[in-house]
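My questions will all concern the structure given below.
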Amino acid sequence: MNSIFDKLGLRPGERRLVMFVLFVLFVVANYYVVWPYFKEWKVIQGQITELEATLKTYQEERDNLPSYQQTESDLLGQSPGLPKAGLGSTLLRDIENTAREFGQTFGGVKQRDAGDSDRSQFFEEKIVDITFTGWTDTNLLKALISLEEGNSVIRIQTLSIKPDVTRRKLGGRATLVASYQKADPTKQ
């Protein structure tokens, strides 16, 4: 088997010179083509490390999915959720029942819609303006707290309180807001 040097008819000194020139060309080509990319090696290693950490986080969250689903089903079983939009009439009844519970009445109870229905695509609000007179401070406080606690969706938006003429009872106005879940448009 003849080598390329035998085919060219090169003597040993010429063979060494050709090999030296090829080696120098190889080194120069590496210097201009390969070596500049060695600087990017650490950057690429850092990106690989970040991506591996992200992948590990995603895999851990994927592994936790059954426990999340179990927690979700437990929570859904505990609470009935928000009332549907059609139950807005119960708002006045809830307010009247709370007043009766404390042996008082709310005068001037007026219900209205929130007006801007596009504020939330998931909820609609009903607003009730109430006036009250002759309430003791503890009864008023307990009544307002009982309206907001539990599974209630009622919150106090504004509250104005002043003492009556005898300065022993309280009167004033309050605006109560109840949020109701809108009907799902995809199910209609």
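Just give me the residues in the stretch 154-168 being assigned to a loop (DSSP other than H, G, I, E, B) and exposed (fewer than 13 other Cβ atoms within 10 Å of the Cβ), in sequence order.
Matches in the stretch 154-168: Val165, Thr166, Arg167, Arg168.
Turning to a different aspect of this structure: If you go through the stretch 73-81 one residue at a time, do you hit one that is of a type in the set (A, V, I, L, M) and at pLDDT 95 or above?
Within the stretch 73-81, not a single residue is of a type in the set (A, V, I, L, M) and at pLDDT 95 or above.
Here's a follow-up. With the requirement that a residue be under 14 Å from Gln111 (Cα atoms) and either part of a loop (DSSP other than H, G, I, E, B) or at pLDDT 85 or above (or both), what does the stretch 169-188 give you?
The answer is Arg173, Ala174, Thr175, Leu176, Val177.
Let's see how each residue does on (1) modelled with pLDDT under 90; (2) hydrophobic (A, V, I, L, M, F, W, C); (3) surrounded by fewer than 10 Cβ atoms within 10 Å (Cβ to Cβ); (4) out of contact with any helix residue (DSSP H, G or I) (no Cβ under 9 Å at 6 or more places or on another chain):
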position: Leu55; (1), (2), (3), (4): no, yes, no, yes
position: Tyr68; (1), (2), (3), (4): no, no, no, no
position: Asp94; (1), (2), (3), (4): yes, no, no, no
position: Thr133; (1), (2), (3), (4): yes, no, no, yes
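Being in a helix (DSSP H, G or I) and either loosely packed, with under 10 Cβ neighbours inside 10 Å or hydroxyl-bearing (Ser, Thr, Tyr) (or both) is the filter here, so list the residues in the stretch 1-21 that pass it.
Within the stretch 1-21, Ile4, Lys7, Pro12, Gly13 meet the criteria.
The values are calculated or read from the model by the stated rules, or taken from the named source; none is laboratory data. None of these values were measured; they are calculated from a predicted model. No Cβ is skipped: glycine too gets one built from the backbone with ideal geometry, and neighbour counts run over all protein chains shown.
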